[in-house]
Amino acid sequence: VFTDGITNKLVGCFHEDSPEDVVLVRVYGHKTDLLIDRNAETRNIQLLHAAGYAPRLYATFKNGLAYEYVPGVILNTTSCRDPEIYPLVARMMALMHKVQSSNDVPKEPSVWLKIQQFLDIIPQRFDNPKKQARFVELIPPKSKLEEEYAMMKKELSSLGSPLVFCHNDLLLANVIYNSQKRTVTFIDYEYSNINYQAFDIGNHFAEFAGVSEVDYSAYPSPEFQRQWLRVYLETYHSESSEAKDCNSVSEQDIDRLYVHVNKFALASHYLWAVWALIQAEHSTIDFDFLGYADIRLKEYFAKKDQMLSLTVDNL
C-alpha cells in the first residue's frame with residue numbers, strides 16, 4: 001500500500017515469486033468524481049503512453065484503474081534541485097508540452113474551467129462545529145474568492161502564454177526518478193489537459209515547498225528558475241527530443257517565460273486552495289485539507305502584488 005497520495009488510494013499487486021513485476025491499482029477517493037473527469041484521465045494516459053511518456057494502462061473499472069508500475073523514487077524537496085535531476089524534469093515537461101492532443105481534448109485553457117468548476121461547489125459551511133469554526137476563521141468569504149478569481153483571470157489571460165498539453169499537477173510525488181537509467185517519468189494524469197504553458201511550470205515550482213509540511217522559503221530562487229527554464233526552452237524549441245544545447249534560446253526568451261511562470265504560480269495557489277476546500281468536505285483520507293487551503297491562500301495573497309507587478313523591464 002502506498003501512503004503518499006492525498007486524493008486516491010494506491011495498492012501494488014505482484015506474485016510472490018516475481019515481486020519486481022508490479023501492477024498498480026488505484027482506487028478513486030470518495031467523491032473525487034466532483035473534481036476529476038475520469039474518462040479524460042484514461043484518454044490522457046493512453047495519449048501520453050503512445051508518445052512514450054506515460055506508463056501503460058492495463059484496465060479501468062468503475063471506481064479505479066490498473067496501470068504499469070514505474071521503478072524509481074519520487075522526488076522530494078531536496079532532489080528536485082539536484083543538478084543531475086532537474087534538467088531531466090525540465091526536458092520531459094517540454095517534450096510533453098509538444099505532444100499533439102487528440103481531437104476530443106478541448107482547445108481552451110483548463111485552469112479557468114477547473115477553478116470555476118470548483119468555485120461552484122465549494123462548501124458554504126461544515127456540519128462539524130470545530131471544522132466550521134476553522135472554516136470561518138481561515139477562509140475568506142466566497143464573494144472575496146470570486147473577486148480574486150475575476151481579477152486573476154483578466155490579468156493572466158492577457159499574457160499570451162502558449163496553450164499546450166499540460167500535466168497540471170506536477171507535484172514532487174508525481175515525478176519518478178530512475179537513477180540507473182537516469183530518466184524521469186511523470187505519473188497521475190488526472191488533471192492533464194490543454195492549458196497555459198506557464199501554469200504547468202509555475203505549478204511545479206510552487207510544489208518545491210512540499211505538501212505534508214509546506215515551506216514556501218523553498219520556492220526556487222530566480223537563479224535556479226532561469227537555469228531550469230533555459231533547459232526547458234532548449235528542448236521546447238528544438239526539433240529533436242535529445243536537445244542539450246540550443247542557440248535559439250535568448251535571455252529575452254527566458255525573461256519572458258520567467259515573468260509568466262511566476263504570475264501563473266498565483267493561479268496554482270488559488271486552484272489547489274479551492275480544490276482543498278472541496279476535499280475538506282468529502283475526502284476520507286487523513287489529511288488537513290482546510291489547513292492546506294489556508295496555506296495556499298495565504299501564499300497567494302502574500303505574493304500577489306509582487307508577482308503581478310513583474311515585467312521583463314523590471315527584472
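The values are calculated or read from the model by the stated rules, or taken from the named source; none is laboratory data. Because the structure is a prediction, the values reported are computed rather than measured. Cβ placement follows ideal geometry from the backbone for every residue including glycine, while neighbour counts extend to all protein chains displayed.
The table below gives the values:
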quantity: Which listed residue is assigned to a helix (DSSP H, G or I), under 23 Å from Val99 (Cα atoms) and at pLDDT 95 or above, from Phe199, Phe135, Phe224; calculated: Phe199
quantity: Lys144, sole failed condition from (1) surrounded by 13 or more Cβ atoms within 10 Å (Cβ to Cβ); (2) in a helix (DSSP H, G or I); calculated: (1)
quantity: Filter result (more than 18 Å from Tyr67 (Cβ to Cβ) and under 10 Å from the mean Cα position of the chain (by Cα)) within the stretch 172-185; calculated: Leu172
quantity: Condition check for Ala276: of a type outside the set (D, E, K, R) and free of Cβ contacts under 8 Å to residues at least 24 places away in the same chain; calculated: yes
quantity: Selection within the stretch 39-57 - touching a Leu at 6+ places or on another chain (Cβ under 8 Å) and over 17 Å from Leu170 (Cβ atoms); calculated: Thr42, Gln46, His49, Leu57
quantity: Long-range neighbours under 8 Å by Cβ, at least six apart or interchain, first residue under 18 Å from Tyr258 (Cα atoms) within the stretch 297-315, second among the charged types (D, E, K, R); calculated: Tyr300/Glu148; Met307/Lys263; Leu308/Glu155; Leu308/Lys263; Leu310/Lys263; Val312/Asp255; Val312/Arg256; Leu315/Asp255
quantity: Among (1) more than 26 Å from Glu299 (Cα to Cα); (2) at pLDDT 95 or above - the single one Glu242 does not satisfy; calculated: (2)
quantity: Residue satisfying condition, being free of Cβ contacts under 8 Å to residues at least 60 places away in the same chain and of a type in the set (Phe, Trp, Tyr), within set Tyr219, Tyr191, Tyr177; calculated: Tyr219
quantity: Subset of the stretch 93-120 (residues that are assigned to a helix (DSSP H, G or I), over 19 Å from Glu41 (Cβ atoms) and not small (Gly, Ala, Ser)); calculated: Leu95, Trp112, Gln116, Leu119, Asp120
quantity: Residue within the stretch 266-276 that is under 19 Å from the mean Cα position of the chain (by Cα) and more than 17 Å from His204 (Cα to Cα) present; calculated: yes
quantity: Residue match in the stretch 257-280 (condition: touching a Lys or Arg at 6+ places or on another chain (Cβ under 9 Å) and surrounded by fewer than 17 Cβ atoms within 10 Å (Cβ to Cβ)); calculated: no
quantity: Pick from the stretch 227-239, criterion charged (D, E, K, R) and either at pLDDT 95 or above or touching a strand residue (DSSP E or B) at 6+ places or on another chain (Cβ under 8 Å) (or both), ranking: surrounded by the fewest Cβ atoms within 10 Å (Cβ to Cβ); calculated: Arg230
quantity: Residue list for the stretch 284-296, restricted to those being touching a residue at least 12 places away in the same chain (Cβ under 8 Å) and surrounded by fewer than 19 Cβ atoms within 10 Å (Cβ to Cβ); calculated: Thr284, Ile285, Phe287, Gly291
quantity: Sole residue being within 30 Å of Arg226 (Cβ to Cβ) and modelled with pLDDT of 95 or more, chosen from Ser143, Ser101, Ser79; calculated: Ser79
quantity: Some residue of the stretch 83-97 being of a type outside the set (Gly, Ala, Ser), over 17 Å from the mean Cα position of the chain (by Cα) and either surrounded by 15 or more Cβ atoms within 10 Å (Cβ to Cβ) or closer than 25 Å to Asn39 by Cα (or both); calculated: yes
quantity: Any chance Tyr191 is at pLDDT below 95 and not in a helix (DSSP H, G or I); calculated: yes
quantity: Meets criteria (in contact with a Gly (Cβ under 8 Å, 6 or more places away or on another chain), touching a residue at least 12 places away in the same chain (Cβ under 8 Å), of a type outside the set (Asp, Glu) and within 22 Å of Met92 (Cα to Cα)) for Phe264; calculated: yes
quantity: Which numbered condition Leu170 fails, given (1) crowded, with 23+ Cβ neighbours inside 10 Å; (2) in a strand (DSSP E or B); calculated: (2)
quantity: Number of the condition not met by Ala40 [criteria: (1) modelled with pLDDT of 85 or more; (2) hydrophobic (A, V, I, L, M, F, W, C); (3) assigned to a helix (DSSP H, G or I)]; calculated: (1)
